[in-house]
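Written below as structure tokens is the structure these notes are about.
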Amino acid sequence: MLKTIQLDKHFGSHQALKAISIDVKPGEIYCLLGANGAGKTTLINLFLNFLQPTGGQVLVNGRDVQQYPLESKRDIAYIPELVMLYGVLSGLENLEYFAALATGEKLPRDKLLSLLQGAGLDATAADRRVSTYSKGMRQKVGIAIAMAKNAKALLLDEPTSGLDPKAANEFSQLLTKAKDSGVAVLTTTHDLFHAKQTGTRIGIMRRGELLTELNSADVSHSELESLYLQYMEA
Amino acid sequence: MKSALFGKVFLHELRVLIADRTLLLVGSLLVALVLYGFYNGYQETLQREHAAQELAKKQADKHAENITTLRALLGGEQKPDPFANPFDPASVGGGMEMRYATLPTLALSPLAFGQSDMLPNYYKVTDRSKASFMYDTEIENPWNLLSGHFDITFVLVYLFPLIIFALSYNLLTVEREQGTLRMLLSQPLSLAILVAGKLLVRALPVLLIMAVLPLLLLGVLRPQLFQADQLPAVLGWLGLVLAYGGFWFALALLVNIIGRSSATNALALMAAWVLFVLVIPVVLNIVVGLLSPAPSRIELATKTRLITIEGLNRYHDKLSSDYRFTQDPEVLLPRDGKIEVAPRRQAQFLIQRDVDKEIQRVLNEFSTQLAVQQMLVERFGWISPAIVTYEGMAAIAGNGAARYLEFQQQVDRFHERWKEYFEPRLLNSIAMTEQDYAEMPHFEWAEVPVQVSGILKRLLLLVIPALIVIAFAIRRMRRFSVV
Ligand SMILES: Nc1ncnc2c1ncn2[C@@H]1O[C@H](COP(=O)(O)OP(=O)(O)O)[C@@H](O)[C@H]1O
Ligand SMILES: [Mg+2]
């Protein structure tokens, strides 16, 4: 569903991605681990056609994203590291707009409210201006926007940053539910525990290279931790 | 699907612009500017119309007074004044009767001062040389581009682009800077639709205010606006406002597509404004002045004096004869349809006639200068949409250089008619009758209709650059960077 083939990305002389090939199938949660600057966000941006690859291919649902930008975006829901919204509008109004762009329909108020609730946003906050929201609250609206789309694939760039542990845990449950209904999930994270907990597969990146891929079922948490540190130090 | 998304973007942007009060603020500022500009133009037009009425009244009063005097003299109730004798064609044609030739205002006159305060709106026509009444102003450079009066056209040409910038200089870049752009473009929404929706929601209200509000005010205050012959001017006004505003919106679009940051966008747009609205018009003003300098007034004055001196010699005999009425007051009254026109006054008329004839070449230079200046602006004005719009609005308002030039020519021809009417009477000593007073020539301004082709040409000169800018922006959209 989310696939790259020998993907290269250069920024000038700097090579941010080196021959990355991954394939996230429906019903998988693929966790990308890697230090800051490893190239995780760059990879996500390439899936969204925000950047053009220097070499190789990016496919969503079998379609090249450069040739079919709109079609592939119909299949992806995306939560950025920092969910940014229109501060003068309420969380509900923001959700209403993005959900309308995503689905082409205007969702009724109770549907919007239940989406926000599902994302863990306090019901009393729904009609307040987003400019009064905390980072975590905005993140929750971002989650609601993604969930509203009912997309075949989820692209998540450190989605739990800014969420408190309880909210992060609820989010993990949402992801697991999505996985079970056949959604392909690609998420970047620093959180080894979260990766082991919810991920079905784990990829470790360093300086633009995908060093290894493993099934999370095959490793224990401590094994994953020592493996990760081993790769980072090498 | 596409139009549905467009509608969603449009409504959402409207919601944001209302919620953050941008629309209210910018809209009311524009309304205030339009009202003030309109007020100024309307006052100016009223003053002109008032002045024209005063002149017409003065002319009619003088006429009535002359008839009264004439009747009183015929009835013997009054003694004739040798220098204000209603029977004497020299007195009558030389100022007892005069014609104030005025250029009427048009329905749209309040919208643009144009050349109306640079060039005379009326002339006092008598049988004196036209050098004495048509070319006696001090204005060195009659044609004036972007005069800087605070009229509606000033609001449109100078300030409206700034209003447009305020609304749209950071249309896309702010979304990138705030991080909402990646949220938007992760949806199946093309950049073209997004930007079109954002542009239209900003363009519609301000274009509506700028284009329609002045017409509404005019419609209330000047019902002649609704006459069928005003339709080209009204449509021309609407077209020019939309096209000029469209040009600046197109530029804002381009800058947003190319620009990396809102700050550079603002700088780029201000630079374009300075170039098109300030620099090019000023430079063109200077260039036009250099290419078509004002003819020498000293030459005109010297030449007039020389011809006058020649005339003093040529008509020496007539000039040296005495006024006969001093011995014989009876000559001041008509006898068998004749009146004795004093030879001195005949000589004065002839001198003025000679001045007109021989000075024609110098005078032609003056009217040619205005025509050449206008031609130069027509030829080079397309470089700046501000010039195209300014000139177009002046023309539509009836205050453009071309109409003033035509006015001068019509007055010139009328002056000839006036002199032709009096010359045989004056030289053959034919007494003026009451009947003659009714038949003396009147100045009738023959309107030059607003040229539809001229409006269309100006519209093209605005629309083509706007389309080029838009095409360029669309080409650059492929290279637009979301992150
Ligand atoms: N738009 C860009 N222009 C230039 N360099 C970039 C750009 N985006 C990312 N990079 C560089 O690419 C590398 C990978 O960055 P990124 O993908 O953000 O890493 P991560 O998300 O894993 O922390 C970094 O060295 C970063 O400086
Ligand atoms: Mg990152």
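The values are calculated or read from the model by the stated rules, or taken from the named source; none is laboratory data. Please read all numbers here as calculations on a predicted model, not as lab measurements. Don't worry about glycine lacking a Cβ; one is built from the backbone with ideal geometry, like all the others, and counts go over all protein chains shown.
Laid out as a table, the results:
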item: Every residue from the stretch B:331-364 that is assigned to a loop (DSSP other than H, G, I, E, B) and among the hydrophobic types (A, V, I, L, M, F, W, C); result: B:333, B:339, B:341, B:342
item: Selection from the stretch A:92-136 of residues that are within 14 Å of chain B (Cβ to nearest Cβ) and without any contact (Cβ under 8 Å) to a residue 12 or more places away in the chain; result: A:93, A:97, A:100, A:101, A:104, A:105, A:106, A:132
item: Total residues in the stretch A:96-115, condition part of a helix (DSSP H, G or I) and closer than 22 Å to residue B:182 by Cα; result: 10
item: Subset of the stretch A:137-191 (residues that are over 27 Å from residue A:89 (Cβ atoms), away from chain B (no Cβ under 14 Å) and within 16 Å of ligand 1 (Cβ to nearest atom)); result: A:187, A:188, A:189, A:190, A:191
item: Among residues of the stretch B:55-84, those that are surrounded by 13 or more Cβ atoms within 10 Å (Cβ to Cβ) and either in contact with a His (Cβ under 8 Å, 6 or more places away or on another chain) or not in a helix (DSSP H, G or I) (or both), counted; result: 6
item: Residue that is nearest to residue B:340 (Cα to Cα) [pool: residues in the stretch B:72-90 that are without any contact (Cβ under 8 Å) to a residue 40 or more places away in the chain and among the small types (Gly, Ala, Ser)]; result: B:84
item: Residue in the stretch A:63-91 that is farthest from the other protein chains (Cβ to nearest Cβ), counting only those that are surrounded by fewer than 21 Cβ atoms within 10 Å (Cβ to Cβ) and within 16 Å of ligand 1 (Cβ to nearest atom); result: A:81
item: Verdict on residue B:188 being surrounded by fewer than 22 Cβ atoms within 10 Å (Cβ to Cβ) and within 14 Å of chain A (Cβ to nearest Cβ); result: yes
item: Residues of the stretch B:292-312 that turn out to be surrounded by 12 or more Cβ atoms within 10 Å (Cβ to Cβ) and assigned to a helix (DSSP H, G or I), as a count; result: 13
item: Flag if residue A:184 is among the aliphatic types (A, V, I, L, M) and within 11 Å of the chain's Cα centre (by Cα); result: yes
item: Elements of type helices (runs of 4 or more DSSP H) contained in the stretch A:116-220, each with 1 or more residues being surrounded by 19 or more Cβ atoms within 10 Å (Cβ to Cβ) and within 16 Å of ligand 2 (Cβ to nearest atom); result: A:135-149, A:192-198
item: Whichever residue in the stretch B:88-133 is of a type in the set (Lys, Arg) and closer than 19 Å to residue B:61 by Cα and, among such residues, is surrounded by the most Cβ atoms within 10 Å (Cβ to Cβ); result: B:99
item: Hits in the stretch B:16-34 (condition: in contact (Cβ under 8 Å) with a residue 12 or more places away in the chain, surrounded by fewer than 17 Cβ atoms within 10 Å (Cβ to Cβ) and away from chain A (no Cβ under 14 Å)); result: B:29, B:31
item: Residue A:181 vs. criteria out of contact with any Ser or Thr (no Cβ under 7 Å at 6 or more places or on another chain), free of Cβ contacts under 8 Å to residues at least 40 places away in the same chain and in the same structural domain as residue A:5 (by TED's automatic domain parsing); result: yes
item: Odd one out for residue B:13, checked against (1) crowded, with 19+ Cβ neighbours inside 10 Å; (2) over 41 Å from the mean Cα position of the chain (by Cα); (3) within 14 Å of another protein chain (Cβ to nearest Cβ); result: (2)
item: Test: residue in the stretch B:426-434 that is of a type in the set (Asp, Glu) and within 38 Å of the chain's Cα centre (by Cα); result: no
item: Test: residue in the stretch A:120-129 that is within 18 Å of the chain's Cα centre (by Cα) and modelled with pLDDT under 95; result: yes
item: Residues being surrounded by fewer than 21 Cβ atoms within 10 Å (Cβ to Cβ), within 14 Å of another protein chain (Cβ to nearest Cβ) and under 48 Å from the mean Cα position of the chain (by Cα) - total across the stretch B:159-185; result: 3
item: Tally of residues being under 30 Å from residue B:59 (Cα atoms) and more than 33 Å from the chain's Cα centre (by Cα) across the stretch B:435-478; result: 4
item: The stretch B:378-413: number of residues that are of a type outside the set (Gly, Ala, Ser), buried (at least 24 other Cβ atoms within 10 Å of the Cβ) and over 22 Å from residue B:106 (Cα atoms); result: 1
item: Qualifying residues in the stretch A:31-62 (those that are closer than 26 Å to residue A:225 by Cα and within 14 Å of chain B (Cβ to nearest Cβ)) - the one surrounded by the most Cβ atoms within 10 Å (Cβ to Cβ); result: A:43
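Residues are listed down the side, and each one gets a yes or a no for (1) under 30 Å from residue B:257 (Cα atoms); (2) free of Cβ contacts under 8 Å to residues at least 12 places away in the same chain; (3) outside any loop (DSSP other than H, G, I, E, B):
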position: B:386; (1), (2), (3): yes, no, yes
position: B:394; (1), (2), (3): no, no, yes
position: B:402; (1), (2), (3): no, no, yes
position: B:410; (1), (2), (3): no, no, yes
position: B:422; (1), (2), (3): no, no, yes
position: B:472; (1), (2), (3): yes, no, yes
position: B:482; (1), (2), (3): yes, no, no
